[in-house]
Amino acid sequence: PTIPAATLPKSDPLRFPTEPRPDGAGVALVINPASGDGTGARIIDEVRKALPHAEIIELGDDDDIEEVLRETAARTDVLAVGGGDGTVACAAGIAVDAGVPLAVFPGGTFNHFAKDIGCESVAQTVKAITEGSAAYVDLVCLNEERMVINTASIGAYP
């Protein structure tokens with residue numbers, strides 16, 4: 001027998017309060033404007049309108065995203081990233097190392113992690129930033145160097 005969806009347990013993320021940032025001050029977004037067939041540029045436009053004091057670091061083809069994320073995390077209050085699950089996993093490890101919260105703007109194909117934390121749109125991420133709401137997440141470190149968030153691809157999404 002199948003279990004009706006309404007009776008399944010909820011798995012909403014455990015949230016904790018953070019400093020509200022109504023205009024985005026103290027937030028730095030690292031994003032490639034050319035990513036996702038225009039998704040990156042759209043995210044930038046929406047963030048500029050909604051969080052006018054957020055710093056936006058636009059990546060170019062020659063930029064090393066890991067280096068840019070590390071430099072940004074070292075000098076900001078909130079590290080924000082636009083991209084898919086792989087980019088977000090990279091940024092998550094860097095945010096943990098720097099001791100700053102990570103804001104996720106979904107810009108990938110599936111965006112599993114962003115959906116799991118309740119930020120599957122720019123508007124939802126902006127709301128979390130402006131209201132000061134963050135989610136705890138579990139992280140796994142593989143081989144002492146590779147950070148994995150909530151998904152790992154092994155040819156299929158388990």
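The values are calculated or read from the model by the stated rules, or taken from the named source; none is laboratory data. Owing to the predicted nature of the structure, the values given are computational and were not obtained by experimental measurement. Cβ atoms come from the backbone with ideal geometry, glycine included; neighbour counts cover every protein chain shown. Quick note on the areas: whole protein, heavy atoms, side chains included, nothing else; ligands and nucleic acids left out. Shrake-Rupley method; radii C 1.70, N 1.55, O 1.52, S 1.80 Å.
One residue is enough: does segment 34-42 have a residue meeting the conditions in contact with a helix residue (DSSP H, G or I) (Cβ under 7 Å, 6 or more places away or on another chain), modelled with pLDDT of 95 or more and not hydroxyl-bearing (Ser, Thr, Tyr)?
Applying the first criterion (in contact with a helix residue (DSSP H, G or I) (Cβ under 7 Å, 6 or more places away or on another chain)) to segment 34-42 yields 34.
Checking the rest, the ones that are also modelled with pLDDT of 95 or more come to none.
No, there is no match, as no residue in segment 34-42 is in contact with a helix residue (DSSP H, G or I) (Cβ under 7 Å, 6 or more places away or on another chain), modelled with pLDDT of 95 or more and not hydroxyl-bearing (Ser, Thr, Tyr).
Can you tell me how many residues in segment 98-110 are open to solvent by 20 Å² or more (accessible area, probe 1.4 Å) and in contact with a strand residue (DSSP E or B) (Cβ under 9 Å, 6 or more places away or on another chain)?
Keep residues of segment 98-110 that are open to solvent by 20 Å² or more (accessible area, probe 1.4 Å), which gives 98-102, 108-110.
The next check asks that each one be in contact with a strand residue (DSSP E or B) (Cβ under 9 Å, 6 or more places away or on another chain); those that pass are 98, 100-102, 108.
Selection size over segment 98-110: 5.
Among (1) under 20 Å from Leu139 (Cα atoms); (2) touching a residue at least 12 places away in the same chain (Cβ under 8 Å); (3) out of contact with any Phe, Trp or Tyr (no Cβ under 8 Å at 6 or more places or on another chain), there is one condition Leu14 misses while meeting the rest; what is its number?
Result: Leu14 passes all but (3).
Residues in segment 31-76 that are touching a strand residue (DSSP E or B) at 6+ places or on another chain (Cβ under 7 Å), of a type in the set (Asp, Glu) and more than 17 Å from Gly108 (Cα to Cα): how many?
The number of residues fulfilling the criteria is 1.
Is it the case that segment 13-28 has a residue that's surrounded by fewer than 18 Cβ atoms within 10 Å (Cβ to Cβ), under 16 Å from the mean Cα position of the chain (by Cα) and of a type in the set (Lys, Arg)?
yes
Please determine, by comparing only the residues of segment 46-66 that are open to solvent by 50 Å² or more (accessible area, probe 1.4 Å) and under 17 Å from the mean Cα position of the chain (by Cα), which one is nearest to Cys119 (Cα to Cα).
Of segment 46-66, the ones open to solvent by 50 Å² or more (accessible area, probe 1.4 Å) are 46, 48-49, 52-53, 55, 58, 61-66.
Now narrow it down to the ones that are under 17 Å from the mean Cα position of the chain (by Cα): 46, 48, 55, 58, 65-66.
On the way: Glu46: 14, Arg48: 18, Glu55: 20, Glu58: 21, Ile65: 22, Glu66: 22 Å.
Step by step, filter segment 46-66, then rank; the result is Glu46.
Are any residues in segment 69-86 at pLDDT 95 or above, in a helix (DSSP H, G or I) and open to solvent by 20 Å² or more (accessible area, probe 1.4 Å), and if so, which ones?
Arg70, Glu71, listed by residue number.
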